[in-house]
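The values are calculated or read from the model by the stated rules, or taken from the named source; none is laboratory data. In this text, all values refer to a predicted model and were calculated from it rather than measured experimentally. A quick note on method: Cβ atoms are made from the backbone with ideal geometry, for glycine too, and the neighbour counts reach across all protein chains shown.
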Amino acid sequence: MAKTAIQTSQENQPVIQVENVSKLFRTPSEGLISALQDIALNILHGEFVTVVGPSGCGKSTLLKLIAGFSAPSSGRILCQNEEVRGLNTKVGYVPQESKLFPWLTVEENVGFGLDSKRYPREKREHQVQQFIKLAGLAGFEKYYPAQLSGGMSKRASIIRALAYEPAVILMDEPFGPLDAQTRMVLQDELLKIWEQKRQTIVFVTHDLVEAVALADRVVVITHRPGQIKDIINVPMKRPRNIFEIHRQEGFDEAYGRLWKIFRHELNIGTH
Amino acid sequence: MSKNISEENSRAGTASDAAVVQSGGVLSMHGFGVTIIRFVIIGGFLLLWEIASGRWIEPFLISSPSRILSSLVTGFTSGDLIQHTWVTFQEIAIGFPVGAISGIALGYWFGRSRLLAEIFEPIIIALNGIPRTALAPLFIVWLGIGLWSKVGVVFLLTFFLNFFNTYTGMRQMDREYVDLANLMGVKGWKLTFKVILPAISPYVFTGIRTSIPFAVIGAIVGEFVAATEGVGFFIRMSAGIFKTADVFVGIIVLMIMVIVMDKIAERIERRALRWQTQTEHIQIQA
């Protein structure tokens with residue numbers, strides 16, 4: 001119960017602070033391009049934030065900067081009040097493709113991040129089993145990634161990042177390549193797991209419905225220069241029903257605001 | 001080899017659909033036919049050889065299957081051939097693993113350190129340009145006519161193939177696996193053995209398996225240059241006194257050596273790479 005107390009005291013505390021971050025890239029064809037410009041964003045503890053924008057707008061770049069895969073050209077990023085320099089081991093990362101380690105079984109993949117935590121064996125196994133069950137992968141513990149379907153490896157990839165309980169989980173369009181049905185099922189499962197664990201999630205997507213359906217807040221990024229256009233609160237109640245998300249109170253309003261921004265961006269007439 | 005192919009096909013078949021599994025049955029019938037035809041060809045060739053020898057061609061030029069067989073038996077019963085085989089085996093048993101492991105280790109190291117690779121890569125490529133068997137006489141000068149000069153040649157031939165394959169693997173490897181593992185707090189030995197080596201293992205095994213015949217070549221070339229025992233010595237000596245049957249006996253022994261080593265390596269590879277759905281055949285020439 002002590003854990004709950006700590007969590008409440010952490011609530012409304014930013015875990016990630018992005019302070020005026022810009023990122024420039026040099027490309028052979030176009031010279032210097034600005035992928036991100038003056039991004040300022042706080043992500044609170046336990047929050048589910050989605051980042052939405054057209055492809056190539058720099059939303060994945062933002063995740064890579066938070067993970068410390070590359071450094072910002074200017075500005076800085078704090079994670080739990082410490083500046084990110086080099087790889088940020090406080091975050092978990094779910095890449096676009098599942099990127100499970102193909103030589104490890106599902107079980108070994110999910111437990112991979114737990115090793116550096118030096119849990120006792122029993123706790124480790126319990127943790128792995130719990131997440132495998134949550135993701136509906138029970139019975140597939142000994143399977144290799146090559147033997148799994150696309151949806152299953154996606155699930156495994158997500159719980160691999162969740163299982164070792166990093167402070168923040170970054171997800172880079174994880175459901176992008178999946179078909180519409182599998183996508184919905186996985187969104188539903190992700191929300192269910194999240195509601196139990198309440199880990200902080202930053203979720204990048206280009207799908208507006210997905211962005212609204214999952215998020216507490218939607219960060220809208222525009223195309224070149226990548227700037228934050230707006231941050232939309234989604235006051236929909238939880239738990240949410242993904243399969244009937246359109247009928248839930250608050251969806252239309254949030255989606256409407258989002259669509260207005262994008263309609264403008266895409267130059268599809270205004271009225 | 002055809003067994004491998006049909007096994008692979010049937011494995012792929014179970015994964016995709018029933019229609020392919022059925023054709024897998026047809027395939028094994030086909031495989032059976034192929035085996036029969038192959039044995040007929042080999043048998044016919046041996047028979048022709050036996051007939052030709054002494055009738056159309058002098059036996060001291062081509063010997064004959066029956067003569068070779070009896071030489072093989074006397075060679076082994078007298079213990080002479082066993083001693084030669086043992087010597088060659090020792091040379092390979094030391095030179096091959098040492099060469100393979102140091103080649104893999106250096107390939108790994110170069111892959112990890114950009115600076116090291118930048119400095120040494122041109123040097124290694126230049127050294128690789130040397131026809132390595134031409135160095136065998138030098139090894140005799142340096143290490144004497146005993147075991148160690150041959151170990152040196154075996155090492156040299158094994159080392160480069162393993163180095164180049166491993167290094168290629170390091171460059172082709174998906175960096176994202178390393179990044180992800182690092183992000184999960186995994187580094188050092190665990191990163192090496194749980195992430196990087198498994199990721200490049202298909203390349204490493206290609207290196208090991210392509211270097212097996214070269215290890216044997218190394219030992220034989222060393223023995224050809226200067227030796228007092230070993231299968232290479234036995235072949236050269238037998239040819240010198242026109243005991244052609246014994247030359248073939250030596251060749252058969254070497255052939256068996258290569259096949260046995262390759263089978264062992266194949267077994268290990270299958271086990272180590274069982275996570276792959278199908279074997280990707282990577283061929284890299286050094």
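The table for this structure:
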quantity: Segments classed as helices (runs of 4 or more DSSP H), wholly inside the stretch B:129-195, with at least 2 members that are under 30 Å from residue A:112 (Cα atoms); calculated: B:147-172, B:175-183
quantity: Answer residue from the stretch B:178-203, given it is touching an Asp or Glu at 6+ places or on another chain (Cβ under 9 Å) and crowded, with 17+ Cβ neighbours inside 10 Å and is farthest from residue A:102 (Cα to Cα) among those; calculated: B:185
quantity: Flag if residue A:107 is over 19 Å from residue B:176 (Cα atoms) and either assigned to a loop (DSSP other than H, G, I, E, B) or assigned by TED's automatic domain parsing to the domain that holds residue A:151 (or both); calculated: yes
quantity: Search result, residues across the stretch B:115-138 that are in contact with a Leu (Cβ under 7 Å, 6 or more places away or on another chain) and farther than 21 Å from residue B:211 by Cα; calculated: none
quantity: Conditions (1) surrounded by 20 or more Cβ atoms within 10 Å (Cβ to Cβ); (2) farther than 19 Å from residue B:177 by Cα: number failed by residue A:176; calculated: (1)
quantity: Residue A:108 vs. criteria more than 10 Å from chain B (Cβ to nearest Cβ), at pLDDT 90 or above and out of contact with any Gly (no Cβ under 6 Å at 6 or more places or on another chain); calculated: no
quantity: Out of A:133, A:99, A:192, A:154, sole residue that is within 23 Å of residue B:193 (Cα to Cα) and of a type in the set (Lys, Arg); calculated: A:99
quantity: Any hit, the stretch A:160-169, residues being away from chain B (no Cβ under 13 Å) and surrounded by fewer than 21 Cβ atoms within 10 Å (Cβ to Cβ); calculated: no
quantity: Identity of the residue in the stretch A:132-149, closer than 22 Å to residue A:201 by Cα and among the small types (Gly, Ala, Ser), that ends up nearest to the other protein chains (Cβ to nearest Cβ); calculated: A:135
quantity: Residue in the stretch B:214-236 that is out of contact with any helix residue (DSSP H, G or I) (no Cβ under 7 Å at 6 or more places or on another chain) and either assigned to a helix (DSSP H, G or I) or at pLDDT below 95 (or both) present; calculated: yes
quantity: Set B:192, B:228, B:244: member being polar (S, T, N, Q) and either within 11 Å of another protein chain (Cβ to nearest Cβ) or closer than 29 Å to residue B:138 by Cβ (or both); calculated: B:228
quantity: Residues located in the stretch A:37-52, provided they are part of a strand (DSSP E or B) and at pLDDT 90 or above; calculated: A:38, A:39, A:40, A:41, A:42, A:43, A:44, A:48, A:49, A:50, A:51, A:52
quantity: Filter pass, residue B:121 being assigned to a helix (DSSP H, G or I) and without any contact (Cβ under 8 Å) to a residue 12 or more places away in the chain; calculated: yes
quantity: Odd one out for residue B:172 among (1) more than 11 Å from chain A (Cβ to nearest Cβ); (2) over 22 Å from residue B:275 (Cα atoms); calculated: (2)
